[in-house]
1. Residues that are of a type in the set (A, V, I, L, M) and more than 25 Å from residue 28 (Cα to Cα): list the strands (runs of 3 or more DSSP E) wholly contained in the stretch 340-430 that include at least 1 such residues.
2. Go through (1) at pLDDT below 90; (2) within 30 Å of residue 239 (Cα to Cα) for residue 185 and report which single condition fails.
3. For the stretch 20-31, how many residues are surrounded by 17 or more Cβ atoms within 10 Å (Cβ to Cβ) and part of a helix (DSSP H, G or I)?
4. Residues of the stretch 214-230 being within 36 Å of the chain's Cα centre (by Cα) and either hydrophobic (A, V, I, L, M, F, W, C) or part of a helix (DSSP H, G or I) (or both), which ones?
5. So how many residues does the stretch 438-481 have that are surrounded by fewer than 17 Cβ atoms within 10 Å (Cβ to Cβ), of a type in the set (Asp, Glu) and part of a helix (DSSP H, G or I)?
6. Only residues in the stretch 216-241 that are assigned by TED's automatic domain parsing to the domain that holds residue 196 count as the first member; pair them with residues that are not in a helix (DSSP H, G or I) and not hydrophobic (A, V, I, L, M, F, W, C), Cβ under 8 angstrom, at least 6 apart or cross-chain, and list the lot.
7. Would you confirm, using the coordinates I've provided, whether residue 326 is more than 25 Å from residue 291 (Cβ to Cβ), in contact (Cβ under 8 Å) with a residue 40 or more places away in the chain, among the basic types (Lys, Arg) and part of a helix (DSSP H, G or I)?
Amino acid sequence: MPSQKLSLQQKLLQKLSPQQIQVIKLLEIPTMQLEQRIKKELEENPVLEMLDDEPIDQSEESESSDAEGDEFSLEDYIEDDEIPTYKLNTSNYSKDDKQPDVPFSTGISFYESLTEQLGLTDLDGEQKKLAEYIIGNIDEDGYLRRDLMSISDDLAFTMNMNVSEEDLEEILETIQDFDPAGVGARSLQECLLLQIQRKKGNEPTLLASRILKENFEEFTKKHYDKIIHKYEISEDQLKEALNEILKLNPKPGGSINNPNNQSNQVIVPDFILDNVDGELILTLNQRNVPDLRMNNTYMDMLRGYTDNKKNASKNQKDAVQFVKQKLDSAKWFIDAIKQRQQTLILTMSEIIDFQKEYFKEGEETKLRPMILKDIADRTGLDISTISRVSNSKYIQTHFGIYALKYFFSEGMQKDTGEEVSTREIKNILGECISKEDKRKPLTDDRLAKILKEKSYPIARRTVAKYREQLGIPVARLRKEL
């Protein structure tokens, strides 16, 4: 047998304490989530209370507890862990029981509309069942992204139905007659063709249909010269046909929407910046965040136990141990909230000081290049802390509400040696493209030369990167007649 040895080894490890983890988690969440987090802590910790609540005198609480037998006592909190889960369920409902919900009417959905139209067709029972399966594979944009062969295989394995691809094609053609026009298409080309075929057969519409059917690739790549040469038409005739195509909807599923089903993002600013006579005043948005404190009743109970520790019973010791844990938890939570506030104010104050000229007027050209390290060096905090503060946080200024990430951008030096933000270059790039001749759009090479003339020496590949970040297509796809 191999010999066994005992040895001592010394290691240096870096670990986060529970308090540090709590501070980090609170630092990441915005004001709206912080309010919910505080409410949850108030529900779970009886020692913690809001500062607005009136303090409860211990003698009054004791008398009230004696007078009313249904009041909660400290023992109720301690013994909660020993209560079976089923006793806590209202009327002993099972988890499997269906809970009755009050229906909320939000109108008709896209899929409900297709199902209703299916009921008006003359398909038989089995065909309607297949049509429902196909409708279930249509995405929110109105496209059937799966090929019919795959659907046929699924039907054979899951529903034991042997259906040929030709039969599914016939059912799909019926679905493609539904409203909105273009639904059930398997490609953008088919979607646009389904829509153009429902229009009146005037000359521009007929030409548009031919272009989509025979020269779709040339149309998407905007090779207009080839289309004009093939059909021997004028630019005006091509322009009329293209106008017909541009009126079509590339996402027909989005045409049936209900405003009641759309969720609007509510932004609650974490900071409020006021400009009072040229002086910038920063405050934290604490409107719905309550001030917290520890309940004096439980603190007095702990002091009373300390004074009479020898005569305490086992139940009293258990109760005091519980109170001590909750007091420590409450203290850590209150300290974490305070540390969060201090870190947020410190970080935002340095951002404002760094971008003072911008915050005074809101002029984007005065936004200096700034990265996380710049603020980390000024505050003495770690870069990861600055990143957590700037993530999902917003500030309300006198010229609008902005995400903190908006103020961070890389920089570059002009020919004059002046350092400017890349956001300023993107603005100039966007202005150049918006003012270009759409018949002859500016290429990336030409844009790089224009920027160089304006003292911004950047390469063509950098121009392409900024253009893509702005969501602007290449010159060929910006071409118009």
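1. Where strands (runs of 3 or more DSSP E) fall fully within the stretch 340-430 and carry at least 1 residues being of a type in the set (A, V, I, L, M) and more than 25 Å from residue 28 (Cα to Cα), they are 411-413, 419-421.
2. Every condition holds for residue 185 apart from (1).
3. Total meeting the criteria: 5.
4. Within the stretch 214-230, 216, 217, 219, 220 qualify.
5. Number of matching residues: 3.
6. 222/479; 224/479; 226/215; 227/215; 228/234; 230/215
7. Numbers: more than 25 Å from residue 291 (Cβ to Cβ): no; in contact (Cβ under 8 Å) with a residue 40 or more places away in the chain: yes; among the basic types (Lys, Arg): yes; part of a helix (DSSP H, G or I): yes.
No, not satisfied.
Table: residues versus (1) more than 29 Å from residue 242 (Cβ to Cβ); (2) modelled with pLDDT of 90 or more; (3) surrounded by 15 or more Cβ atoms within 10 Å (Cβ to Cβ).
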residue: 122; (1), (2), (3): yes, no, no
residue: 143; (1), (2), (3): no, yes, yes
residue: 170; (1), (2), (3): yes, yes, no
residue: 179; (1), (2), (3): no, no, no
residue: 220; (1), (2), (3): no, no, no
residue: 223; (1), (2), (3): no, no, yes
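The values are calculated or read from the model by the stated rules, or taken from the named source; none is laboratory data. These figures come from a predicted structure and were not determined experimentally. Heads up, the Cβs are rebuilt from the backbone with ideal geometry, glycines too, and the neighbour counts pull from every protein chain shown.
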